[in-house]
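Values in this text are rule-based calculations from the coordinates and carry no lab data. Values in this document were obtained by computation on a predicted structure and should not be read as measured data. We place every Cβ from the backbone using ideal geometry, glycine too, and count neighbours over all the protein chains shown.
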Amino acid sequence: MEPLLKVENLKMYYETIRGYVKAVDDISFEMNKKEALGLAGESGCGKTSVALTILRLLPSNAKIVDGSVTLADEDIVKMSEKEVREKIRWKRISMIFQGAMNALHPTYTIGDQIVEAIVKHEDVSKGEAMERAGELLELVGMKRSRVKRYPHELSGGMKQRAMTAMALSCNPDLVIADEPTTALDVIVQAQVLKVMKELKDRLDLSIILISHDLSMIAETCNKVAIMYAGKIVEYGDIVPIFKEPLHPYTEKLISAFPSILGPKTELSSIRGFPPDLLQPPPGCRFHPRCPHATEICQREEPLLEKTGNEERAVACHLYGR
Amino acid sequence: MKDEATMEVQNLVKHFEIKLGFFKTLITKQAPVVHAVDNISFKIAKGEIFGLVGESGCGKTTTGRALVRLIEPTEGKIFFQGIDLASLSIEREVRKLRRKMQIIFQDPYESLNPRMSIFDIIAEPLRIQKIVEKEEEVHESVAKAMEDLDLIPPEEFMYRFPHELSGGQRQRVAVARAFVLKPEFLVADEPVSMLDASIRSAVLKLLLGLQKRLQTAFLYITHDIAISRHICDRIAVMYLGKIVEKGSTDDVIQKPLHPYTEALIAAVPVPDPTARRIEVVIKGEVPSAINPPPGCRFHTRCPHATEICRKKEPPLLKIEKNRYVACHLHGSSKNTES
């Protein structure tokens with residue numbers, strides 16, 4: 001089957017006075033239709049930058065240095081800004097931004113904001129678009145009448161749902177959700193995740209879920225890519241990765257989560273701090289914090305290599321030697 | 001441990017009046033009131049970690065602040081080592097007590113003064129309390145406090161400013177500041193909720209290590225019941241200003257009695273893709289604390305609500321030893337106590 005989205009050797013650097021910040025450094029992955037991919041890692045590991053690069057929503061000091069993002073045989077990296085705006089954004093790929101609290105425009109009603117997204121991308125009248133805005137709100141479990149509300153009149157969970165409705169307004173193939181539930185309470189968070197899972201099945205959506213919270217990804221996604229310092233260190237189906245993580249970083253990250261079920265284990269932590277992406281450490285970028293680091297890890301960078309199983313890949317010297 | 005509680009709260013109430021505009025005050029008889037905390041009681045023993053768990057707006061932070069007298073309670077009594085906090089009227093007396101009680105705030109990006117160096121931030125309590133006289137001793141205490149929190153070597157961090165540190169490092173500074181006075185009681189208001197999971201546990205470990213060494217009594221405020229399981233000896237679950245369930249952490253989490261506690265536990269995502277968790281049955285969101293629902297405050301969202309829940313407020317009843325719940329479903333035992 002032809003993959004829906006193919007990211008190959010993507011490199012995106014931010015130019016600063018002190019040098020290049022290598023936020024996305026040689027990243028490759030594929031996504032099939034109806035798949036949900038989790039992009040996990042600590043803050044500053046480049047997961048949001050990957051999303052912004054795919055949608056070409058980059059600030060002026062950012063440069064896509066190398067690589068391609070292929071969606072249905074077309075390379076988004078090579079497109080002009082106009083093409084991306086007309087063909088890709090919102091119509092094929094849409095995004096639910098981090099912090100729905102602040103991502104909505106405070107002086108427009110929810111309906112107006114959804115209508116704007118529809119009218120800009122499709123040839124429909126405002127009345128028809130408003131009708132669809134109402135339907136979309138119902139789809140995410142809100143009352144149709146909420147189209148007339150301003151963001152400040154809604155609670156955090158409702159704003160998050162409204163953002164989700166907006167992301168679905170032009171029937172995209174792929175929705176990128178960037179930390180969609182970070183600022184929400186646990187119960188509301190569970191409600192929002194449930195809505196997203198239902199929508200995925202009902203609308204045959206593909207989802208990229210960006211989160212530092214592995215437990216959330218475990219519940220929603222079927223594939224996961226673990227990122228560290230601008231690189232993917234482990235990639236594959238969700239169950240084997242959680243059951244038997246190959247990379248020491250993945251292992252540490254999973255055990256850092258408190259569980260409500262099962263035996264009470266001591267929470268583990270990862271010593272040290274994430275590296276400075278201006279000057280990432282040589283060799284394996286995780287070696288200063290890795291408990292198993294050997295001499296080769298300091299010298300040579302491990303490549304993301306497929307393991308016996310087709311769908312699984314890991315970048316670690318420990319594996320296979 | 002039984003007799004002398006470090007902190008005892010009796011029937012604490014805190015209502016915030018809403019300020020109305022001029023014209024509204026003319027037509028409104030009584031200003032609306034936010035019922036932030038409504039009649040809660042608990043005790044914290046020496047060296048005990050007591051958790052307050054609940055969603056945002058349930059009054060847990062208000063309670064924490066009242067306990068260190070950052071806000072005045074509307075009603076009720078707070079005793080710290082047997083001394084009634086409300087009886088202290090002079091700032092000097094309050095300050096003397098503050099040496100023994102400290103608070104760590106949620107957001108390390110806002111709780112540290114951006115214009116003070118890390119050294120000055122940690123040294124400030126020492127200087128205010130005039131605990132150490134000589135500047136060398138201040139230096140020594142600050143360095144020691146930083147070492148306790150793995151900010152090593154202290155000299156490397158001391159002369160930096162908060163913006164030069166990462167979130168995890170900042171929160172360690174906030175913890176060092178709270179512990180530099182060796183407090184006997186500490187309020188930790190979601191101390192790790194702003195941090196990445198990988199850093200979270202490191203900060204928690206340091207915090208708990210210090211707690212154990214100094215036998216500090218803790219009020220640990222969190223919205224994450226999974227974290228409370230790893231930290232607290234006992235927890236109280238709050239909903240809209242009321243304690244709905246209280247007991248030892250293991251009992252409450254393994255055998256929740258109140259439907260709200262059940263929902264909170266079911267809502268925690270499980271870091272295991274093969275585990276099937278219980279469906280969350282709770283609908284909607286927390287109602288407004290200005291007009292809390294009559295009867296049981298949870299009845300608007302409760303899947304088991306009956307007629308009586310809409311009318312009569314359930315008292316917090318003792319079900320077993322050290323186990324309390326406020327729910328009409330568990331009303332068999334009649335020994336009301338707090």
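Provide the gained length on full extension for the span A:Lys78 to A:Asn222, in nm with one decimal, where the gain is 0.36 nm per separating residue minus the Cα-Cα distance. Write down the numbers at each step before the final one.
Numbers: separation 144, 0.36 × 144 = 51.84 nm, distance 2.98 nm.
Length gained, A:Lys78 through A:Asn222: 48.9 nm.
What the Cβ-Cβ distance of B:Ser288 and A:Glu131 gives, at R0 = 30 Å and to the nearest 0.05, is a FRET efficiency of 0.45. Translational diffusion of the stretch B:119-271, estimated by Stokes-Einstein from the Kirkwood radius over alpha carbon pairs at 10 °C in a medium of 1.306 mPa s, is 93 µm² per second. Here each label is just a point 7 Å from Cα along the line to Cβ, and for A:Glu300 and A:Glu153 those points are 6.5 nm apart.
Placing a pseudo-label 7 Å from each Cα along the Cα-to-Cβ vector at B:Lys130 and A:Lys63 gives an inter-label distance of 6.1 nm.
On average, how much area does the Cα convex hull of the protein assembly as shown cover when viewed from any direction, in nm²?
Values: hull surface 134.0 nm².
Approximately 33.5 nm², given one-decimal rounding.
On alpha-carbon atoms, Rg over Rh for the stretch B:251-318 using Kirkwood Rh? Before the final figure, lay out each step's value.
On the way: Rg = 14.1 Å, Rh = 13.7 Å.
We get a ratio of 1.03 for the stretch B:251-318.
Between B:Glu4 and B:Leu88, what FRET efficiency follows from the Cβ-Cβ distance if R0 is 22 Å, with the result rounded to 0.05?
Details: r = 19 Å, r/R0 = 0.88.
Efficiency computed from Cβ-Cβ geometry: 0.70.
Each part reduced to its alpha carbon centroid, the stretch A:83-147 and the stretch B:26-41 end up 38 Å apart.
Identify, among B:Val37, B:Pro125, B:Leu112, the residue whose Cα sits farthest towards the positive end of the charge dipole of the stretch B:1-136, taking +1 on the Cβ of Lys and Arg and -1 on the Cβ of Asp and Glu, with the dipole about the Cα centre. Looking along the dipole axis, the top candidate is B:Val37.
May I ask for the longest run of chain A untouched by GluC sites (Glu not before Pro) that are loop-located per DSSP and have at most 12 neighbouring C-beta atoms (other than their own) within 10 Å?
On the way: sites that count: A:Glu266, A:Glu300, A:Glu310, A:Glu311.
The segment A:1-265 is the longest one with no such site.
For the stretch B:123-191, the set of trypsin sites (Lys or Arg not before Pro) satisfying both a DSSP loop assignment and a count of at most 16 other C-beta atoms within 10 Å is given as B:Lys130, B:Lys134, B:Arg160. Which of A:Lys87/A:Lys126; A:Lys34/A:Lys126; B:Lys77/B:Lys318 have a Cα-Cα distance over 26 Å? Long pairs (Cα-Cα over 26 Å): A:Lys34/A:Lys126.
Partner shielding of B:199-206 amounts to 5, given as the average count of beta-carbon atoms from other chains within 10 Å of each residue beta-carbon. Counting, for every residue in A:261-269, the Cβ atoms of other protein chains within 10 Å of its Cβ and taking the mean gives 5.
For chain A, the Cα gyration tensor yields ellipsoid semi-axes of 35, 23, 18 Å (square root of five times each eigenvalue, largest first, whole Å).
Residues A:Lys22, A:Lys87 in ascending order of nearby Cβ atoms (within 10 Å, fewest first): A:Lys87, A:Lys22. Global size of chain B: 21.4, 68 Å for Rg and Dmax (C-alpha atoms, Rg to one decimal, Dmax whole). Name the shape class, rounded, prolate or oblate, that the alpha-carbon gyration tensor gives for the stretch A:216-321, where a ≥ b ≥ c are the square roots of its eigenvalues, rounded holds for a/c under 1.5, and otherwise prolate holds if a/b is larger than b/c and oblate otherwise. Here the stretch A:216-321 falls in the oblate category. Over all Cα atoms in the stretch B:101-188, the spread is summed up by Rg and Dmax: 11.8, 32 Å. Potential lengthening of the chain between B:Asp107 and B:His139 amounts to 8.9 nm, from the contour at 0.36 nm per residue minus the alpha-carbon distance.
Determine the equivalent ellipsoid of the stretch B:202-255 by diagonalising the alpha-carbon gyration tensor, then write out the semi-axes as square roots of 5 times the eigenvalues, largest first, rounded to whole Å.
Details: eigenvalues 95, 28, 23 Å².
Whole-Å semi-axes of the equivalent ellipsoid: 22, 12, 11.
Measuring r between the beta carbons of B:Glu72 and A:Glu198 and using R0 = 41 Å, the FRET efficiency lands at 0.30.
With N the number of residues in the stretch A:73-133, Rg(Cα) / (2.2 N^0.38 Å) evaluates to 1.29. Over the Cα atoms of the stretch A:60-203, each weighted equally, I'd like the Debye log10 I(q)/I(0) at q = 0.19, 0.21 Å⁻¹, rounded to two decimals. Log-scaled intensity ratios, in q order: -1.16, -1.32.
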